[in-house]
1. Which residue out of Leu133, Leu181, Leu157 is part of a helix (DSSP H, G or I) and in contact (Cβ under 8 Å) with a residue 40 or more places away in the chain?
2. Would you please list the contacts, defined by Cβ atoms under 7 Å and residues six or more apart or on different chains, that run from a residue in the range 18-45 that is closer than 21 Å to Phe112 by Cβ to a residue that is among the basic types (Lys, Arg) and modelled with pLDDT of 90 or more?
3. What residue, of Leu180, Leu137, is open to solvent by 30 Å² or more (accessible area, probe 1.4 Å) and under 29 Å from Gln25 (Cβ atoms)?
4. Hey, among the residues in the range 5-36 that are farther than 19 Å from Trp99 by Cβ and under 18 Å from the mean Cα position of the chain (by Cα), which one's modelled with the highest pLDDT?
5. Step by step: first the residues of the range 1-17, then only those that are open to solvent by less than 70 Å² (accessible area, probe 1.4 Å) and in contact (Cβ under 8 Å) with a residue 60 or more places away in the chain, then the one that is nearest to Ile190 (Cα to Cα). Which residue is that?
6. Among the residues of the range 37-63, which ones are part of a helix (DSSP H, G or I), of a type in the set (Gly, Ala, Ser) and more than 13 Å from the chain's Cα centre (by Cα)?
7. Is there a residue in the range 59-69 that is on the phi > 0 side of the Ramachandran plot, out of contact with any helix residue (DSSP H, G or I) (no Cβ under 6 Å at 6 or more places or on another chain) and either touching a residue at least 12 places away in the same chain (Cβ under 8 Å) or open to solvent by 60 Å² or more (accessible area, probe 1.4 Å) (or both)?
8. Taking the criterion of being assigned to a helix (DSSP H, G or I) and surrounded by 13 or more Cβ atoms within 10 Å (Cβ to Cβ), would at least one residue in the range 160-170 satisfy it?
Amino acid sequence: IYVTKNPLVQTLSPGTFSSFFTQYQNGNYHPLTMLSLALDFKMNGVDPFAFHFTNVLLHIAATLMVFYFILLLCRKFNVAVITSLLFGISTMHVESVAWVAERKDVLYGFFFIASLASYVHYARTNKTWYFTLSLFLFLLSLLSKGQAVTLAASMVLVDVFLERKLFSKKIVLEKIPFFLLALTFGIIAIKAQASSKAI
């Protein structure tokens, strides 16, 4: 359904590009995931090695991003090494990496953690660039898988860890665009599920 019997994935072109963003796929809305599968298909056809190789690369990138995020968050090298190692070898990731159709997990996971890392940079430096980057990476994560909506709540936990004043006007206001994106994509996810009668 996702690759070998998916005409959209198999006909990537400038003319079909917008269709990835306007169509649900098997009860889901994850255009970035489908585009990445289409790119693999465009370059390698149905060769399974290419799809699995991309998943492995994305998982390695996510594992390295976990290391970077934890190092930024707690500033302890040994904690970052142990955390990223446990993340990288966890059996909970086997299905996401080994199953081609689960590309959405490794893709959204990478952008999710990268967004949190950018947010930690912003919280520590107060530079708007990091805030904007965090929001953009969040959007990419949402376009990869609907579960990314939980990032907005995760940011509050980061604030707690960094001992920021949760109810200050600045911190409340900076969360609004994240929660609005989460709400928007939450509604899209419900509509996508309903389109395949999964609800």
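1. It is Leu181.
2. His30/Lys104; His30/Lys145; Thr33/Arg103; Thr33/Lys104; Thr33/Lys145; Ser36/Arg103; Leu37/Arg103
3. Unique residue meeting the criteria: Leu180.
4. Filtering first and then ranking leaves Pro31.
5. Tyr2
6. Those that are part of a helix (DSSP H, G or I), of a type in the set (Gly, Ala, Ser) and more than 13 Å from the chain's Cα centre (by Cα): Ala38, Ala50.
7. no
8. No, because not a single residue in the range 160-170 is assigned to a helix (DSSP H, G or I) and surrounded by 13 or more Cβ atoms within 10 Å (Cβ to Cβ).
The values are calculated or read from the model by the stated rules, or taken from the named source; none is laboratory data. The structure displayed is predicted, hence computed values, not measured ones. FYI the Cβ positions are ideal-geometry reconstructions off the backbone, even for glycines, and counts take in every protein chain you see. Remember, those area values only see protein heavy atoms, side chains included, never the ligands or the DNA or RNA. Shrake-Rupley method; radii C 1.70, N 1.55, O 1.52, S 1.80 Å.
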